[in-house]
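Read the figures in this text as sums done on the coordinates, not as results from a lab. What you see is a predicted model, and the numbers here were worked out from it, not measured in a lab. Neighbour counts run over all protein chains shown; Cβ positions are idealised from the backbone, glycine included.
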Amino acid sequence: MFFRYCVPIVAVHILALAVFVPAFFSWTAVVLCLVGVHVFGQTITMGYHRLLTHRSFKTPRWFERVLVVGALCCLEDSPARWVATHRMHHAHSDEQEDPHSPLVTFLWGHVWWLFVRNHSLHHPANYERYARDLLVDPFYMWIEKHPTSPLWVYAAQIVLYAVASFAAALLWTDAAGAANFAAGVVVWGVLLRTVLVWHITWSVNSLTHIFGYRNHDTDENSRNNWLVALFACGEGWHNNHHSDPACCTVRHRWWEIDITYLEVRALALVGLAWDIVPPRAERAARAMAGRSENVALKASASPRADVALGATGPEVVADTQLPS
Ligand SMILES: [Zn+2]
Ligand SMILES: [Zn+2]
């Protein structure tokens with residue numbers, strides 16, 4: 001049985017074919033498309049993935065909302081559903097319960113999983129299990145209670161693009177020319193951009209579980225794929241990500257450039273990001289240092305210092321990542 005997601009996915013793909021209408025071409029529209037692929041793509045990568053799903057850094061509430069509204073403009077599901085789906089992927093990567101393993105077929109992992117109703121994925125208990133931390137926020141709960149709200153945000157964005165580009169074009173052309181320019185901006189700047197961001201996101205699910213090399217012997221089939229990393233601003237270093245999902249950076253070798261992490265560091269410089277989660281080894285070292293400090297404090301206050309010190313032998317340091 002086809003799931004309702006197939007309607008907007010098919011519709012936007014068909015409408016985006018209007019980029020082949022010569023009258024809709026303008027360099028402004030092309031630039032808006034390319035800039036939009038990066039900016040809106042980052043609302044998914046930085047916003048939905050590294051911030052909401054893995055909590056790999058902190059940011060002001062208003063900036064989180066900005067990222068989420070941008071992500072809604074990408075028509076990639078509501079925040080709680082996206083997060084639950086991705087955490088479920090991490091919990092069951094390439095197993096039966098994985099919502100989009102390409103080991104079924106490439107097409108399934110890329111897009112077909114969105115076309116078929118998955119009862120275990122879309123069950124309320126699943127969202128309660130995997131996205132409880134989001135649903136306690138009234139903003140995210142409101143979106144879940146109004147399932148058409150992402151569509152309305154998407155439509156509002158089209159109106160905004162159309163009105164703004166029409167008004168701007170009136171500065172140099174007549175109403176008919178302005179309408180044509182505005183249509184081109186919507187086709188390139190919204191519809192084609194949406195399709196490109198979709199396929200970039202979906203490539204992380206499909207290509208990086210089939211093609212590429214592995215730095216880490218993880219218990220699924222994740223790969224590091226330079227092509228996906230290039231287009232998805234670092235997300236293609238997917239084997240690195242699976243080896244340490246909570247870590248904000250996915251760069252484990254010098255050439256594995258992670259644009260998203262660099263942008264998070266840039267946000268930190270202007271106070272828009274903090275508590276950036278470091279690699280697991282550094283988290284472990286910090287935890288050990290913190291424990292040693294506590295023990296030292298206790299030791300200085302306790303007559304049984306030897307016992308306290310003896311109790312701090314090598315331990316497995318708890319990971320700080322969420323259930324993902
Ligand atoms: Zn994966
Ligand atoms: Zn992830």
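Below is a table of values for the structure above.
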| read-out | value |
| --- | --- |
| Selection from Cys247, Asn180, His216, by position along the positive dipole direction of segment 137-251 (Cβ) | Asn180 |
| Cβ-placed point charges (K, R +1; D, E -1), dipole of segment 1-144 about Cα centre in debye, nearest 20 | 300 debye |
| Distant-in-sequence amide H partners of Val116 (H built 1.01 Å from N, under 5 Å) | Phe3 |
| Debye, to nearest 20: dipole size of the chain, +1 on Lys, Arg Cβ, -1 on Asp, Glu Cβ | 420 debye |
| Per-pair calculated FRET efficiency, R0 = 22 Å: Phe20 and Asp174 via Cβ, rounded to 0.05 | 0.30 |
| Inter-part distance where segment 215-283 and segment 113-159 are each reduced to a Cα centre, Å | 26 Å |
| Estimated FRET transfer efficiency when R0 is 35 angstrom, pair Trp62-Ala285 (beta carbons, to 0.05) | 0.55 |
| Charged-residue dipole, Cβ positions (Lys, Arg, Asp, Glu), segment 189-296 about Cα centre, Debye nearest 20 | 120 debye |
| Pairwise label distance in nanometres, Arg117 with Ala11, each label 7 Å out on the Cα-Cβ vector | 1.9 nm |
| Helix axis angle, 175-186 relative to the chain longest principal axis, alpha carbon, degrees | 30 degrees |
| Structure-based [θ]222 nm, the chain - -39500 (n - 2.57) summed over DSSP H runs of at least 4, per residue, nearest 500 | -16000 deg cm²/dmol |
| Inter-probe distance in nm under a simple model that places probes 7 Å from Cα toward Cβ, at Leu160 and Val104 | 3.4 nm |
| Label-point separation, Leu230 to Ile210 (7 Å along Cα→Cβ), nm | 1.9 nm |
| Listed residues Val228, Asn126, Leu267: farthest to the positive end of the dipole of the chain (Cβ charges) | Leu267 |
| Overall dimensions of the chain by Cα: Rg and Dmax, Å | 22.7, 88 |
